[in-house]
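To keep things clear, I will list the structure first and then write my remarks on it.
Every number in this text was worked out from the coordinates using simple rules, so none of it is lab data. Since this is a predicted model, take the numbers as computed values, not measurements. Positions of Cβ are generated from backbone atoms using ideal geometry, with glycine treated the same way; all protein chains shown enter the neighbour counts.
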Amino acid sequence: MRLIAREGVLEARDAVSDPFVYVPVRIPAGAAGVAVSLTYDDPGPTDRRGVGSILDLGLFEPGSLEIGTPAFRGWSGSERREIVVGERAATPGYLLGPIRSGRWHVIVGLCQVAPGGCRYRVGVEPLAIGDPRLGAVAAAVPSADPGDHVPAASDPGHVASAARGRPATVEPVLARKDALQTSADPWWPGDLHCQTVHSDGKLTVAAIARFGRAAGLAFLFVSDHNTTSHRAELDGVGAAAAIALHPAEEVTTYRGHMGALGASGWVDFRQVDSTGMARAAAAVRDGGGLTVRNHLASTSSPWEFGPVTAAVEVWNGPWDGRNRNESALSSWADELATGRRTVAVGGSDMHDIPADRQPIGTPITWVRAPDPGRVGVLDGLRAGRVVLSRTVAGPHLDALARTDDPGDGSAGIGDTLTCAAIADVELRWRVRAGMGGEVRVFGPDGGLASVALDTDDAEGTLRIPSADRPRFIRLEVRAPDGALLALANPIYLEENA
């Protein structure tokens, strides 16, 4: 079938006024697939602060181009310049399905246009039955097998199984039951943020699953950029690897990235203002999912949509002295002080094998839930029953608040303690595998107390007079050099009506 070519010229101001260009092409009846290519001059580095041009690629089948359209067929961003889509084979990031005749649209995202402009060319070719490009799609998919690269137990941030490559045992070591709360539910270790070959990652879903299990994770949210094509693999691969793989999408815009954890469908990334992003976040929530502002303080994709999500990723990758995580943590603390009950979470943002700068399970997001299944984990995340730790080995941080009145009960991390106006509050805390350093206790106005950790396993109490009772209490564990080792979400304190 005949190649259809479209060319155009972009100017730098185009990326500001309207960051998407739609190139229409008519696909005839009888086509078994569609091959698309995108080329442009002066390609720049992936760093948006560069001076070159960076164009993204995606595809819509016949139908509406309105926000949320079911005509979406896939997205590969700037990762790929050539893609193939068919009924039974498709480049990762693109959805399998019938090739309808009619007007398709190639979407070109203007991530960055060089000051001097950019000439681009889109090529679209309808493919006949038997075209070798359809058969070659699966063979061309990048793949990686952990094999000998499964991290050793001594590697920072990882706990491998005794037999390399075999699933580690979650019970009883990793699903911690030594909690201070009265609930029988344990804490489950997971990672909320990673990419695969379905967007800009280097590993298959199967490889990511094996790495996650070897690192001691009970659950993992696979959050490829702007696509849902990875979801078809999650259940089968997760069962084979003995890890709960949950669907997610990193809604990647040119004004920040939003994690859509457990989203029931595709979340449209073409958001250009806070109103649109708020609607997208609400749709995820209404569908049973949870939204997260990812890498809040990133210099390459700073968040510009305001506090429209239920959670904030305050810990992205290793806490290695870079100020971006510290800045994100500070922003979250400021948000809590305004009265918003935003949940703090973490994510490795892993893209490659553990030699990568951001290995899987760094940090660990512990969620208190009956099991590591999607419903329970999402309920725990929404409730703020969340603790972050540097590794799956620790520190393990827990806390419980109560008053002297047995009628007031008690409240653990993420919960609310209601008490009389004259009641003092006792905070009990426990740290296991503490690695030294100190426990710091915070309220809305800053630090309330700090206690040195003289032993790896320590616990203590802090009594807060009723006259000084804050609206919430939260805890951190810091290393001697000030690096964050663990973080607990707040316990909220409310006065009886």
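Using a cut-off of 10 Å between beta-carbons, work out the net charge of the residues near Glu459 (Lys and Arg +1, Asp and Glu -1, Glu459 not included).
Residues close to Glu459 contribute a combined charge of +1.
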Over the chain: helical MRE at 222 nm, DSSP H runs n ≥ 4 each giving -39500 (n - 2.57), nearest 500: -4500 deg cm²/dmol
Cα gyration tensor, the stretch 347-460 - rounded (a/c under 1.5), prolate or oblate: oblate
Placed amide H near Val425: partners under 5 Å, 5+ positions off or other chain: Ile464, Ser466
Length-normalised contact order for the chain - Cα pairs under 8 Å, 6+ apart - percent: 11
Gain in span if fully extended, Val272 to Ala12, counting 0.36 nm per residue against the direct Cα distance: 91.9 nm
In Hz, Karplus ³J(HN,Hα) per residue of the stretch 262-268 (6.51, -1.76, 1.60; θ = phi - 60°; x = Gly, Pro): x, 4, 7, x, 5, 9, 5
At 0.890 mPa s and 25 °C, Stokes diffusion of the chain via Kirkwood alpha-carbon radius, µm² per second: 103
Rounded FRET efficiency, nearest 0.05, which uses the C-beta distance separating Asp405 from Thr299 and R0 of 35 Å: 0.10
